[in-house]
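Scroll down for the structure; my scribbles are underneath it.
The values are calculated or read from the model by the stated rules, or taken from the named source; none is laboratory data. All values derive from a computational prediction rather than experimental measurement. As a convention, Cβ positions derive from the backbone with ideal geometry for all residues, glycine included, and neighbour counts pool all protein chains shown. Only protein heavy atoms, including side chains, enter the accessible area calculation; ligands, DNA and RNA are left aside. Shrake-Rupley method; radii C 1.70, N 1.55, O 1.52, S 1.80 Å.
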Amino acid sequence: MKKLTIFYNKRTGSIKELCSGEQSMDWFGEEKRDYEEIFDFIIVDYDEYIVQNLHQFEIKDSKVVLKNKSSLNKYL
C-alpha cells in the first residue's frame, strides 16, 4: 500500500508539508536539526483526498483530522 508522510507543527498541529512514500526528518537535509525543534511527522496510508484538500486538515493526537467538520455538514 502506498504511504504519505505529513510534516506538521508540533505546537499547532498545522500541516506544513507532505510527500508521498515513507520519509523521515532527513527529508530536510542539512536543516534537519532545525526543523526537528518545530515540526514532527506521521506516516499514513496514501489518501488522495488529503493530498487535494490539505488545507482542510490538521494533526491532533498523531492523527489526521478535519479542521472544521461543521462546514462539511451541508454536503453530507
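Here is how the numbers come out for the structure above:
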{"read-out": "For Asp45: the one exception among (1) in contact with a Leu (Cβ under 8 Å, 6 or more places away or on another chain); (2) of a type in the set (Asp, Glu); (3) surrounded by 11 or more Cβ atoms within 10 Å (Cβ to Cβ)", "value": "(3)"}
{"read-out": "Residue among Val51, Val65 that alone is in contact (Cβ under 8 Å) with a residue 40 or more places away in the chain and open to solvent by less than 60 Å² (accessible area, probe 1.4 Å)", "value": "Val51"}
{"read-out": "Residue within segment 21-28 that is among the aromatic types (Phe, Trp, Tyr), within 13 Å of the chain's Cα centre (by Cα) and open to solvent by less than 80 Å² (accessible area, probe 1.4 Å) present", "value": "no"}
{"read-out": "Flag if Phe7 is surrounded by 15 or more Cβ atoms within 10 Å (Cβ to Cβ) and farther than 19 Å from Phe57 by Cβ", "value": "no"}
{"read-out": "Selection status of Glu17, among the charged types (D, E, K, R), in contact with a Phe, Trp or Tyr (Cβ under 6 Å, 6 or more places away or on another chain) and either surrounded by fewer than 11 Cβ atoms within 10 Å (Cβ to Cβ) or modelled with pLDDT under 95 (or both)", "value": "yes"}
